[in-house]
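The values are calculated or read from the model by the stated rules, or taken from the named source; none is laboratory data. Everything numeric here is computed off the predicted structure, so don't read it as measured data. So basically every Cβ, Gly included, is an ideal-geometry build from the backbone, and we count neighbours across all protein chains shown.
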Amino acid sequence: MRHPHTRTTRTTRLRLAGALTAGLLCTAGLAAPAVAAPTRAPAASAAPALADGLALTPPMGFNNWNSTHCRADFDEAMVKGIADLFVAKGLKDAGYRYVNLDDCWALPNRDADGKLVPDPARFPNGIKAVADYVHAKGLKLGIYTSAGTKTCNSAGFPGALGHEYSDARQFADWGVDYLKYDNCNNQGVDAKKRYTTMRDALRATGRPIVYSICEWGENKPWEWAANVGHLWRTTGDISDDWGSMVSILKQNLPLAPYAGPGHWNDPDMLEVGNGGMTDTEYRSHFSLWSVMAAPLLIGTDLRKASQATFDILDNKEVVAVDQDPLGKQGTVVSSAGGRWVIAKEMKDGSRAVALFNESGTAQRIATSASAVGLPGAPAYTLRDLWQHRSYNTAGTLAATVPAHGTVLLRVTADPAWATHPPAVELGLHGSPLVEAGTPAALTTTVTDLGRTSTRQVSVSLTGPAGWTVRPTSATTTAALATGRSLRTGWTVTAPTGTPTGAYAVSLKASYGSPSGRHVTAVLPLTATVVVPPPAGASYLSDLPWLSTTNGWGPVERDTSNGENAAGDGHPITVGGAVYAKGLGVHAESAVEFYTGGRCSTVTARVGLDDETGTRGTVAFEILADGRKAASTGVLTHATPAQAMSADVTGAQVVRLVVTDGGDGIDYDHADWADAKLTC
């Protein structure tokens, strides 16, 4: 379903709050576009962009909502503290400019003259004083209201519908530089009319104000808003979890033709640093938003942020991808098996290339210079934007990408390619799933991707303290020519009694280049200690899983998909039948189980949970070591529970997948009822 949020708590995700009454924030995700096939793009909008010189690159800054919502710590001190940190931490130098206030900055009622009144408890000196402080730092101030009678918070702060010119005048007088204009309580007034009226009101002030249209993609603003606002939300609100981020990515990617200088697709604010994802996932989030030329609005309280968070947000090479003046949004080159290649044309003729691994296990992702649009050349310079290192390549772009990771490259047909050492690709073959006390066989590869040869290549594999890692073949070679590999076999043994879970393993290669430069390449890997599945038939909800991704909240055991916390679902109910056992998920979702080659079948009864009412469409798949073993096709609320069975004989890993049925993830609560594994 449309995972809408209210401005305080998400009272329900099953009721799509009406845009005519007390509604949802920029969260409602109303009618976000269905994911198009990756290689197909819509026709570009004919609407001309605003010719006011604003937002010629995607806006960068901060918005408090994702970290504070309406809590008391959203106040003048916070806003000033963020502005101070922009300067002190170098974020201003990286391009971050806007310090934006979200909902709850005002009192619930206008004054006797119909004017907005800042909350004196939060902003005792008023908004103009805050703007003056921010401006003194060389930064800009943003503010929030809704294109309705009230804002999206359940407390119902004043919206701007019917007050557009008066409110715009106040904003300008206060020194506001950016307006986020939401969509709640809009009384059914046509969206184009509401948003165009505020555009005209802002123009009438004479102050340059960046205008952010936040109507959740409900009326396809990418088709009409280029001459209305500078950016428009394409989706519902993001939440701080992997499934939400990936779902929004997939909705925004097909809209690349509509983006450009002064008119941007907005897949919502950044969650980097808020704690719901790993640093690897946050690097992916930041990389993907940058390659999509998305606005980069920090959503975490920087006063509490870790150094790792600052390192992500302040990666100037990644920011430069987002801020490239050509203004192209990246497009999908390929996406098979969760192995995404997304390429963005840059003004200098180079390409930014994201190798993104959506899956829960490390995967090799490969493409070529020609596939991402570069001209033919003897060789290319390849710059790794997270490692901050440059190499030469004969044309292959490839890496083993960790689960949920992204390798972000900038590739150029550069005549000076030979000044850089050859790129190498480090790879792993074999499953990094280890049963404690039992040796696991793995093979690593070091492959020369460069136009020049590598020399004196050596490779090592290290595991956690106490683990045994032994090579079973050569670990060195005198040289590798372009495209040639050093393959090394290994046995890896975790001590008996090692607890289940993920453990860090590191593959390192050292080599010399023709220029005499010595290079070390490292591939961080994860080995997972697993236990064999029990013999006989077991409910999957009683077994440990390897990994999960979910479109909203956690995967639930023996309940339907609930809210944000584990265990807050309802009894699994499909077609009026209640099931005591099963998995409750929300598309897009995937749940992986270790089967170790010992199991034969997976069975379940599947369908949309009855709590979705008449809404939602989903499709179920069972994969055995990546091979599709069973699928249902698209199911709706009218489809009774479907019996599903898959032959998984010999598979090491079984993956249960629910997709969105092709129309977005709104109301897509899906159940794997009575799901069993027979071994």
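Quick notes on this structure:
- There is at least one residue in the stretch 195-205 that is out of contact with any helix residue (DSSP H, G or I) (no Cβ under 7 Å at 6 or more places or on another chain) and surrounded by fewer than 16 Cβ atoms within 10 Å (Cβ to Cβ).
- Residue match in the stretch 59-68 (condition: more than 19 Å from A129 (Cβ to Cβ), among the aliphatic types (A, V, I, L, M) and either in contact with an Asp or Glu (Cβ under 9 Å, 6 or more places away or on another chain) or not assigned by TED's automatic domain parsing to the domain that holds S244 (or both)): yes
- In the stretch 455-548, counting only strands (runs of 3 or more DSSP E) that sit wholly within it, the ones holding 3 or more residues that are free of Cβ contacts under 8 Å to residues at least 40 places away in the same chain and over 23 Å from A362 (Cα atoms) span 476-480.
- Whichever residue in the stretch 602-654 is part of a loop (DSSP other than H, G, I, E, B) and touching a Leu at 6+ places or on another chain (Cβ under 6 Å) and, among such residues, is surrounded by the most Cβ atoms within 10 Å (Cβ to Cβ): G616
- In the stretch 70-93 there is no residue that is within 16 Å of D177 (Cα to Cα), touching a Pro at 6+ places or on another chain (Cβ under 8 Å) and crowded, with 16+ Cβ neighbours inside 10 Å.
- Residue identified as charged (D, E, K, R), touching a Lys or Arg at 6+ places or on another chain (Cβ under 9 Å) and modelled with pLDDT under 95 among E345, E358: E358
Yes/no per residue for (1) outside the structural domain of V341 (by TED's automatic domain parsing); (2) surrounded by 24 or more Cβ atoms within 10 Å (Cβ to Cβ); (3) closer than 19 Å to G142 by Cβ:
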| position | (1), (2), (3) |
| --- | --- |
| I248 | yes, yes, no |
| L253 | yes, yes, no |
| P257 | yes, no, no |
| N265 | yes, yes, yes |
| M269 | yes, yes, yes |
| V272 | yes, yes, yes |
| M277 | yes, no, no |
| Y282 | yes, yes, no |
| S290 | yes, yes, no |
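- Any hit, the stretch 554-561, residues being outside the structural domain of R615 (by TED's automatic domain parsing), modelled with pLDDT of 95 or more and either touching a His at 6+ places or on another chain (Cβ under 8 Å) or exposed (fewer than 13 other Cβ atoms within 10 Å of the Cβ) (or both): no
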